[in-house]
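Reviewing the structure listed below.
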Amino acid sequence: FPLEEVIKKHFFTNNSNFKVSGKLSPTFNMKATIATGYVIPAIEKYRAFIDNDLNPLILSAGNPNLKLPKKHSFNFEMNQMFVKNASSFQFKASLEMQEDYVANNSRYFTEETYLAEYDYTFLRGSVLNTVENADNYYRLFADLLYMKLSNLLKSNVIIKAEYCYNEIPAFSQGLKNNLIMNEGYISVNLTTNFSRKVEFVFGSGTRLSR
């Protein structure tokens, strides 16, 4: 219940971006992009009623007062070739931030509770999942790639390293509880090149998350 409701929302957004790239030499190039714009949440996140269609103990509701999150992003890429030692280097980085991030909010009821804002009585042991505007969301990602043609090993050596940082705003029982995640990855691969008919690949990778 209810079976049907009409949600009327009007959005006017402006998305902008700026890009610059350059080939500073035959072996070196780079590019950068800056973008800003709005993220429009799914329409069901604006519904003002309780949805108990599937399970009366696991309920969900939207928030008609949600603000539009504003997203800012920056991307950078650099490529360098070293002809003398037959190698290349690539670096990529991206930064993303969202203002007024739409975060999930869960509330557990230890006793039967009536909430006038929904005109609904929640059973003991039920959970209400809603959405709220929270603090800023951040994501940082960096990627390094080094490739080297080794005559000694008769192989192409590829070394890759990644790092990712996420700070995700969240709520629990109405209290802010940001989730912070760090993840790193490094791998080394060797691809043989001593034969055109047979190729061997040896690789190892390590990932750390916390």
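Can you tell me the alpha carbon radius of gyration of segment 1-124 divided by the globular rule-of-thumb value 2.2 N^0.38 Å?
1.76
When the Cα centres of segment 128-207 and segment 48-118 are compared, how far apart do they sit, in Å?
20
For the chain, just list the percent of Cα-Cα distances falling in each 10 Å bin from zero outward, please.
Bin by bin from 0 Å, the calculated values are 7, 21, 22, 19, 14, 11, 5, 1.
When we measure straight from the Cα of Lys71, which aspartates and glutamates land under 13 angstrom away, once same-chain ones fewer than 8 places off are left out?
Cross-link targets: Glu96, Glu99, Asp100, Asp135.
Probe radius 1.4 Å, ligands and nucleic acids ignored: give me the carbon and sulfur share of the accessible area of segment 27-75 as a rounded percent.
Looking at segment 27-75 in its full context, I get 59 percent from C and S.
Counting only protein heavy atoms and a 1.4 Å probe, tell me what percentage of segment 112-154's accessible area is made up of carbon and sulfur.
The computed percentage sits at 54.
How much accessible area per residue does the chain have, counting only protein heavy atoms and a probe of 1.4 Å, in square angstrom?
Heavy-atom accessible area per residue stands at 68 Å².
How big is the dipole moment of the chain about its Cα centre under a simple scheme where the beta carbon of each Lys and Arg is +1, that of each Asp and Glu is -1, and everything else is neutral? Debye, nearest 20, please.
It works out to roughly 1620 debye.
Please list the equivalent ellipsoid semi-axes of segment 98-159, computed as the square roots of five times the alpha-carbon gyration tensor eigenvalues, in descending order and whole angstrom.
56, 16, 6
Starting from the eigenvalues of the Cα gyration tensor, five times each then square-rooted, give me the equivalent ellipsoid semi-axes of segment 134-210, largest first, whole Å.
Semi-axes (√(5λ), whole Å): 42, 11, 8.
Please sort by residue number the GluC sites (Glu not before Pro) in segment 105-172 whose DSSP state is loop and whose Cβ has at most 10 other Cβ atoms within 10 Å.
Counting only loop positions with at most 10 other Cβ atoms within 10 Å, the GluC sites (Glu not before Pro) in segment 105-172 are Glu111, Glu117.
Once the Cβ-Cβ distance between Ser106 and Tyr185 is put in as r, and R0 is 22 Å, what FRET efficiency do you end up with, to the nearest 0.05?
About 0.10, to the nearest 0.05.
Could you give the spread of the C-alpha atoms of segment 8-49 along their three principal axes, from largest to smallest, in whole angstroms?
Here the spans come out as 61, 16, 8 Å, largest first.
Which entries of Lys19/Lys92; Lys9/Lys45; Lys8/Lys176; Lys31/Lys148; Lys23/Lys148 show an alpha-carbon separation above 19 angstrom in the structure shown?
Cα-Cα > 19 Å for Lys8/Lys176; Lys31/Lys148; Lys23/Lys148; rest within.
The values are calculated or read from the model by the stated rules, or taken from the named source; none is laboratory data. Keep in mind it's a predicted model, so treat the numbers as computed, not measured. Because the Cβ atoms are built from the backbone with ideal geometry, glycine has one as well, and the counts that use them run over all protein chains shown. To get the accessible areas, we keep the full protein, side chains included, count just its heavy atoms, and leave off ligands, DNA and RNA. Shrake-Rupley method; radii C 1.70, N 1.55, O 1.52, S 1.80 Å.
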